[in-house]
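Participant: Structure in structure tokens, see below.
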Amino acid sequence: MRGKLRGLVVVALFAGTLVGASQAALAQADPPPLDDSPIASSSASDDPATLASQDVSVYAYDSANQLRGSGHFTAHGEHLYACDERSDGSGVTAYLYWNGATRASVGDSNGAASGCGHRNLGIAENTTVWLAVCVEGLGCTDWYRGEA
């Protein structure tokens, strides 16, 4: 049985359309449907007039309101990050979906140790991307929209 998780999502430019995810469903052709126990999440946005692209950050909290991990997509340079925030043996993986498939992922399982998992990507400008984060053994966040 999976633990209950809560999440906070910060979406730069605007809050994207939400589509849920389970770790097994992340390889589907479209952003996958909501699973039976996703990490609950919310979003906030920055002023669209100040941003040229759309960065996305997703923060996953457990039911005790403890930060478990986060994922980040930085549009300038197309960077994907996964950050494990707790030394509990449960790694964090960030998934990025675009052009009909999950095309990139990066993990981090070093707990509170310094450094996050990182991938430098090459994505065409103005490409819509979707970010989801999974915490091993606990579940996944919804998908959140960004733009390269």
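Participant: In nanometres, what is the gap between the two model label sites at Arg86 and Thr127, each 7 Å from Cα along Cα-to-Cβ?
Facilitator: Once both label points are built, they end up 3.4 nm from each other.
Participant: Starting from the Cα gyration tensor of region 100-148, take the square roots of the eigenvalues, sort them a ≥ b ≥ c, and report rounded, prolate or oblate (rounded when a/c is under 1.5, otherwise prolate if a/b is larger than b/c, else oblate).
Facilitator: Oblate, because a/c is 1.5 or more while a/b does not exceed b/c.
Participant: A follow-up question, please. Listing Leu80, Leu138 from the residue with the fewest other Cβ atoms within 10 Å to the one with the most, what is the order?
Facilitator: Least crowded to most crowded, the residues run Leu138, Leu80.
Bear in mind these aren't lab numbers, they're just calculated from the coordinates by the rules spelled out. These numbers come from a predicted model, not from an experiment. Reconstructed Cβ throughout: ideal geometry from the backbone, glycine too, with neighbour counts over all protein chains shown.
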